[in-house]
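To start, the structure itself, in structure tokens.
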């Protein structure tokens, strides 16, 4: 998403937007809040790193005492650096936590098993059925890990991407 791109969703307001640096790619992220939701959202925190082989991004915020982190790792970004950064993030999180996004690590692979084990060490489990494809290529790279007992998450079909978007819900008082 570039600076000049208009993005809107009826009945929602944009509360955070990070654009791509200078050309359209996977770097940007946007967060919307339902207009009639009065919950306070604490300050956004962003951590990102770019190398010649790709980039990753963690965007964190808190809503209704739930710590949310959206994740993006480009396919060729170093798995070692990403896992180190992810573990550093997990060490700092406390309370109710939801970590979700496009990890570009297939849970059906040995690297995916290691990722699941990392989250389990911090008391987080997959809110999505492990083994369910999130892409048209039969991979599960779009993930949601949580320790929140009321989180329900599922994939739905998209006409605009080969990825299946993730829906995540939990009880919030708006």
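The values are calculated or read from the model by the stated rules, or taken from the named source; none is laboratory data. Computed from a prediction, not measured in an experiment: that's the story for all the values here. Because the Cβ atoms are built from the backbone with ideal geometry, glycine has one as well, and the counts that use them run over all protein chains shown.
Which one of the conditions (1) assigned to a strand (DSSP E or B); (2) over 22 Å from residue 48 (Cβ atoms) does residue 99 fail to meet, given that it meets all the rest?
Of the numbered conditions (1) assigned to a strand (DSSP E or B); (2) over 22 Å from residue 48 (Cβ atoms), the odd one out for residue 99 is (2).
Return the pairs, sorted by first residue and then second, in which the second residue is in a helix (DSSP H, G or I) and modelled with pLDDT of 95 or more, the first residue lies in the range 108-124 and is under 19 Å from residue 77 (Cβ atoms), the beta carbons are less than 7 Å apart, and the residues are 6+ apart or on different chains.
111/79; 118/83; 118/86; 118/87
Checking residue 162 against (1) loosely packed, with under 13 Cβ neighbours inside 10 Å; (2) within 23 Å of residue 29 (Cα to Cα); (3) at pLDDT 95 or above: exactly one of these is not met. Which one?
Answer for residue 162: the failing condition is (3).
Would you mind stating whether residue 52 is more than 28 Å from residue 139 (Cβ to Cβ) and over 17 Å from the mean Cα position of the chain (by Cα)?
On the way: more than 28 Å from residue 139 (Cβ to Cβ): no; over 17 Å from the mean Cα position of the chain (by Cα): yes.
So residue 52 fails the test.
When the range 56-84 is examined, which residues are found to be out of contact with any strand residue (DSSP E or B) (no Cβ under 6 Å at 6 or more places or on another chain), part of a strand (DSSP E or B) and either more than 13 Å from residue 31 (Cα to Cα) or touching a residue at least 24 places away in the same chain (Cβ under 8 Å) (or both)? Even if it seems obvious, please write down each step before you answer.
Just the residues of the range 56-84 that are out of contact with any strand residue (DSSP E or B) (no Cβ under 6 Å at 6 or more places or on another chain), to begin with: 62, 64-65, 75, 78-81, 83-84.
Checking which are part of a strand (DSSP E or B) leaves us with 62.
Correct list: empty.
If I ask for residues that are outside any strand (DSSP E or B), farther than 29 Å from residue 81 by Cβ and modelled with pLDDT of 75 or more, which ones from the range 6-55 would you list? If you could, list the steps in order and put the result at the bottom.
Here is the first cut: in the range 6-55, the residues outside any strand (DSSP E or B) are 6-11, 19-28, 35-40, 42-44, 52-53.
Now drop any that are not farther than 29 Å from residue 81 by Cβ, which leaves 6-11, 35-40.
Within the range 6-55, 6, 7, 8, 9, 10, 11, 35, 36, 37 meet the criteria.
Restrict the check to the range 109-120 and report whether at least one residue is outside any helix (DSSP H, G or I) and within 29 Å of residue 12 (Cβ to Cβ).
To start, the set of residues in the range 109-120 that are outside any helix (DSSP H, G or I) comprises 109.
If we keep only those that are within 29 Å of residue 12 (Cβ to Cβ) too, we end up with none.
No.
State the number of residues belonging to the range 153-174 that are farther than 18 Å from residue 69 by Cβ and without any contact (Cβ under 8 Å) to a residue 60 or more places away in the chain.
First pass over the range 153-174, keeping only residues farther than 18 Å from residue 69 by Cβ: 154-164, 171, 173-174.
With the extra rule that they be without any contact (Cβ under 8 Å) to a residue 60 or more places away in the chain, the set shrinks to 154-162, 164, 171.
So the count comes out to 11.
So, in the range 140-159, how many residues would count as being surrounded by 15 or more Cβ atoms within 10 Å (Cβ to Cβ) and either in contact with a helix residue (DSSP H, G or I) (Cβ under 9 Å, 6 or more places away or on another chain) or part of a strand (DSSP E or B) (or both)? Walk me through how you get there before you give the answer.
Start the filter on the range 140-159 by keeping residues that are surrounded by 15 or more Cβ atoms within 10 Å (Cβ to Cβ), which leaves 140-148, 151, 153-155.
If we keep only those that are either in contact with a helix residue (DSSP H, G or I) (Cβ under 9 Å, 6 or more places away or on another chain) or part of a strand (DSSP E or B) (or both) as well, we get 140-146, 153-155.
So the count comes out to 10.
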